[in-house]
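Computed from the coordinates by the stated procedures, all read-outs in this text should not be read as laboratory data. Source: prediction; values computed, not measured. Glycine gets a Cβ as well: all are built from the backbone with ideal geometry, and neighbour counts include every protein chain shown.
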Amino acid sequence: MTKRELCLAAIDAAKKSYAPYSGFNVGAALLCKNGIVYSGCNIENAAFSPTVCAERVAVFKAVSDGNLDFEMIAVVGGKNRNISPVTTPCGVCRQVLSEFCSPEMPILLVKNEIGDFEETNIGALLPSSFTL
Ligand code: THU
């Protein structure tokens with residue numbers, strides 16, 4: 001799977017976003033080393049704090065399925081089902097990603113509907129991260 005294809009999978013995942021409170025729709029697509037792609041979308045809640053981000057949904061689906069070896073992840077977001085360039089993972093998601101991803105693993109930030117992207121990684125997004 002190409003990087004652009006993973007970005008298009010993230011755009012597809014964002015269509016399932018449940019975000020009636022913020023109106024900000026996020027999708028993530030996580031490619032595992034065995035070729036399986038796990039999608040995620042943000043899922044909001046009337047009580048606000050139970051809201052979960054798209055990235056964590058994708059990571060937790062993979063891990064709970066026994067897949068911990070990640071190749072790359074694509075993230076897309078924007079208001080009212082538009083794409084804003086670019087949506088970067090929140091602090092909590094960065095911490096979760098740092099648990100499972102190498103510092104160099106590609107994190108693709110989708111820029112538009114044809115799957116153009118910027119590339120970053122956890123080494124850049126969460127330097128000096130906490131480890132036990
Ligand atoms: N959100 C994500 O899904 N991922 C992020 O990394 C940033 C924020 C969601 C949470 C909430 O549903 C909405 O975007 C607005 O914060």
### Query
How about segment 33-51: which of its residues are buried (at least 17 other Cβ atoms within 10 Å of the Cβ) and not small (Gly, Ala, Ser)?
Val37, Tyr38, Cys41, Asn42, Ile43, Glu44
### Task
Inspect all residues belonging to segment 5-27 and state whether any of them is within 19 Å of Ser129 (Cβ to Cβ), crowded, with 17+ Cβ neighbours inside 10 Å and within 13 Å of the ligand (Cβ to nearest atom).
no
### Message
Checking Val110 against (1) closer than 16 Å to Lys16 by Cβ; (2) without any contact (Cβ under 8 Å) to a residue 60 or more places away in the chain: exactly one of these is not met. Which one?
### Response
(2)
### Task
Take segment 25-49 and flag every residue that is hydrophobic (A, V, I, L, M, F, W, C) and without any contact (Cβ under 8 Å) to a residue 40 or more places away in the chain.
Cys32, Ile36, Val37, Cys41, Ile43, Ala46, Ala47, Phe48
### Task
Select from segment 101-115 the residues that are of a type in the set (D, E, K, R) and exposed (fewer than 15 other Cβ atoms within 10 Å of the Cβ) and list them in ascending order.
Glu104, Glu113
### Message
Considering only residues that are touching a Phe, Trp or Tyr at 6+ places or on another chain (Cβ under 8 Å) and either closer than 12 Å to Ala28 by Cα or surrounded by fewer than 17 Cβ atoms within 10 Å (Cβ to Cβ) (or both), which ones fall in segment 68-99?
### Response
Leu68, Ala74, Gly77, Lys79, Gln95
## Note on the structure
Residue pairs qualifying under the 8 Å Cβ cut-off, at least six apart or on distinct chains, with the first in segment 50-73 being closer than 12 Å to Ile36 by Cα and the second being among the β-branched types (Val, Ile, Thr) and surrounded by fewer than 16 Cβ atoms within 10 Å (Cβ to Cβ), are Ala62/Ile36; Asp65/Ile36; Asn67/Ile36
### Task
Could you identify the single residue in Thr120, Thr88, Thr51 that is farther than 16 Å from Leu8 by Cα, touching a helix residue (DSSP H, G or I) at 6+ places or on another chain (Cβ under 9 Å) and among the polar types (S, T, N, Q)?
Thr88
